[in-house]
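Only one structure is covered here, and it is reproduced in the block below.
The values are calculated or read from the model by the stated rules, or taken from the named source; none is laboratory data. Since the model is a prediction, treat every value here as computed from it, not as a measurement. Note: ideal-geometry Cβ built from the backbone for every residue, glycine included; neighbour counts use all protein chains shown.
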Amino acid sequence: MTKTIFLGRFFFLFFSLCVIIFFTFARIYNIGLPVEKVFDEVYFPVMAHQLLTVGSYYDTHPPMGKLIIALSEMMFGNNTLGWRFTSLVAGIAFLAVIYVFTRELLKDKTTALITTLLFAVDGLFIVYSRVGLIDIFMLLFGFCAFLCVLKFSKSHAKYLLLLAGIFCGVTLSVKWIGVGFWFLAVVYTIFFYRSWLKSAKNFALFVLFLLIVPIIVYLVSFIPLYKMNIIHETIKWHIQAWKYHSGLSEGHVYGSKWWGWPIMIRPIWFYYKDNGGIVRGIIALANPLILWLSTASIVASVGLIIASLNKKIKFSIKNSELKSVWFLLSAWLIFYLPWIFITRVAFFYHYMMAYSFAVILLGYFLAKIKNFSSLLFSFLIILIVFFGLIYLPLWTGYPVEYDYYRNLMLFKSWI
């Protein structure tokens, strides 16, 4: 029996690593194609190039994302590799951060491996690793920030809070919606490190590292953009950017409502070309099975938490696990619920932050299923990987026949 369990664990480890490595390579393969700009590449890489050549540009998002793309363009030039290389690096690094983050939060290597596999085979994260857009930077730095906060619980090493503050500032410097990671880091520290914060010195460090440092980092990101008269120009930019985002009322063909994101009613086509019945396309579409199961995991988490409040029900789940589920569900709500009140046009990619926490919850529940029924777990994992393989051409722009593409469009709203 022990030998069987060992072989089962070894096979799962081997299978998972093979899948993760394959889908990591899929992120890299032919990243220079298509040679045309896709979706918002008409903005961000162009702005990065203007920063390098003219020294300035205008965008309604903070500068950090374009600064990172500019680094790539400095290395490889104003071409597809230059536009996309830093996104590729961030997308691959994100998988490593997700593994460490999940292991640190849920204290289980198997759950961390399952969760990393899920992120590896999900199309939304594959696509954003292969295009010159900035959302993948926000995800990477946001999770790095919170990873530092989690690691602080072990050693109380003050440099970890400083790093967390720096990462929070960098995250906010990519897009304003990155403020959710900053909020999470601050609230988590207040709730879970209360005894440490009782010291006046420690509280002062908390204020400095997690409240002041992120603001400083955020403001410093504007220096390369406004070298002269930086204070006036930065204030002026914030007024203009706020007016733009708060007053944006025009629609978009790929605009979608917040209530449709957990069931993926309207994904986004970044690129589509039909050449005599041979289709090349890039669609920002999550792995359908992962997304729908992650939504089910949100519902299951609510049920688990409600049941845990009933003292008559006995649980075999550790209290630390329940706290982690509470946190993941809260993080999902923090990134998702504000969109109910936002009237400007929104897109499916705005669900990426909330979706990330839903996927981690799915990894947690799959690990529980693995302990309960290895057969059911194996079936679900194989099916998830299968979905990843059949949709991979539409995430990477690989040419397929029209009928192949059309058969994968499960709903009319996906076209």
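This table checks each residue for (1) farther than 16 Å from residue 355 by Cα; (2) of a type in the set (Gly, Ala, Ser); (3) touching a residue at least 12 places away in the same chain (Cβ under 8 Å); (4) surrounded by fewer than 22 Cβ atoms within 10 Å (Cβ to Cβ).
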position: 81; (1), (2), (3), (4): yes, no, yes, yes
position: 89; (1), (2), (3), (4): yes, no, no, yes
position: 103; (1), (2), (3), (4): yes, no, no, yes
position: 119; (1), (2), (3), (4): no, no, yes, no
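When we screen 365, 335, 341, 379 for residues that are free of Cβ contacts under 8 Å to residues at least 24 places away in the same chain and over 28 Å from residue 405 (Cα atoms), the only hit is 341. Taking residues in segment 3-32 that are over 30 Å from residue 83 (Cα atoms), and partners anywhere that are at pLDDT 90 or above and aromatic (Phe, Trp, Tyr), not one pair has Cβ atoms closer than 8 Å while being at least 6 places apart or on different chains. When residues in segment 276-297 are screened for being crowded, with 22+ Cβ neighbours inside 10 Å and either part of a loop (DSSP other than H, G, I, E, B) or of a type in the set (Val, Ile, Thr) (or both), 6 of them pass.
One line per residue, one yes/no per condition, for (1) of a type in the set (Lys, Arg); (2) in a helix (DSSP H, G or I); (3) in contact with a strand residue (DSSP E or B) (Cβ under 9 Å, 6 or more places away or on another chain); (4) buried (at least 21 other Cβ atoms within 10 Å of the Cβ):
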site: 330; (1), (2), (3), (4): no, yes, no, no
site: 343; (1), (2), (3), (4): no, no, no, no
site: 354; (1), (2), (3), (4): no, yes, no, yes
site: 359; (1), (2), (3), (4): no, yes, no, yes
site: 364; (1), (2), (3), (4): no, yes, no, yes
site: 376; (1), (2), (3), (4): no, yes, no, no
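Determine whether residue 98 is crowded, with 21+ Cβ neighbours inside 10 Å, in contact (Cβ under 8 Å) with a residue 12 or more places away in the chain and either touching a Cys at 6+ places or on another chain (Cβ under 6 Å) or under 30 Å from residue 371 (Cβ atoms) (or both).
Numbers: crowded, with 21+ Cβ neighbours inside 10 Å: yes; in contact (Cβ under 8 Å) with a residue 12 or more places away in the chain: yes; either touching a Cys at 6+ places or on another chain (Cβ under 6 Å) or under 30 Å from residue 371 (Cβ atoms) (or both): yes.
In short, yes.
Here 259, 237, 269 are screened, and the one residue that is among the hydrophobic types (A, V, I, L, M, F, W, C) and closer than 27 Å to residue 331 by Cα is 259.
Would you call residue 211 of a type outside the set (D, E, K, R) and either under 25 Å from residue 351 (Cα atoms) or touching a residue at least 60 places away in the same chain (Cβ under 8 Å) (or both)?
Values: of a type outside the set (D, E, K, R): yes; either under 25 Å from residue 351 (Cα atoms) or touching a residue at least 60 places away in the same chain (Cβ under 8 Å) (or both): no.
Judged against the criteria, residue 211 is not a match.
Among the residues of segment 63-114, count how many are of a type in the set (Asp, Glu) and under 27 Å from residue 36 (Cα atoms).
The first filter runs over segment 63-114 and keeps only residues of a type in the set (Asp, Glu), leaving 73, 104, 108.
Retained after the next criterion (residues that are under 27 Å from residue 36 (Cα atoms)): 73.
Residues meeting the conditions: 1.
One residue stands out in segment 58-77 among those that are assigned to a helix (DSSP H, G or I) and not hydrophobic (A, V, I, L, M, F, W, C): the one that is surrounded by the fewest Cβ atoms within 10 Å (Cβ to Cβ), namely 72.
Quick check, is residue 189 at pLDDT 90 or above, among the polar types (S, T, N, Q), within 22 Å of residue 140 (Cα to Cα) and surrounded by fewer than 21 Cβ atoms within 10 Å (Cβ to Cβ)? Against the criterion (at pLDDT 90 or above, among the polar types (S, T, N, Q), within 22 Å of residue 140 (Cα to Cα) and surrounded by fewer than 21 Cβ atoms within 10 Å (Cβ to Cβ)), residue 189 qualifies. Does at least one position in segment 131-147 carry a residue that is surrounded by fewer than 24 Cβ atoms within 10 Å (Cβ to Cβ), at pLDDT 95 or above and more than 30 Å from residue 237 (Cα to Cα)? Yes; the residues of segment 131-147 include at least one that is surrounded by fewer than 24 Cβ atoms within 10 Å (Cβ to Cβ), at pLDDT 95 or above and more than 30 Å from residue 237 (Cα to Cα).
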